[in-house]
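Only one structure is covered here, and it is reproduced in the block below.
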Amino acid sequence: MADTVMLHLRLNKGLVKEIDSVVEKEHYNSRTEFFGEAARKRIEEKRKIAIALREVQKHYGEGKRLGIKLPSEGEMEKIRQNVWKELHSD
């Protein structure tokens, strides 16, 4: 087994009940397995968002260099916020 660290969490009883329901319905072996997968997915999501934002910034810089009319910094920030909201809405 890989090196592991034990974490202690305080969660709302209602949330724990929902987690337990998911653990049972989706056949996780334990809450630990559920939390591990949730953490890995969240980290991967953040990594993908960071890559996407770097690509947008790269293309934005290339467009400026070529003299192409691009959104203003304020408009780009609104776009980033909308993308963030879209990616995090459930």
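The values are calculated or read from the model by the stated rules, or taken from the named source; none is laboratory data. Because the structure is predicted, anything quoted here is derived from the model rather than measured. Methodologically, a virtual Cβ is constructed for each residue, glycine included, from the backbone with ideal geometry; neighbour enumeration extends over all protein chains shown.
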**Q.** Where E24 falls short, out of the listed (1) among the charged types (D, E, K, R); (2) surrounded by 10 or more Cβ atoms within 10 Å (Cβ to Cβ); (3) modelled with pLDDT of 95 or more
**A.** (2)
Q: Those residues that are under 23 Å from the mean Cα position of the chain (by Cα) and modelled with pLDDT under 75, I need them from the stretch 61-85; list them, please.
A: none
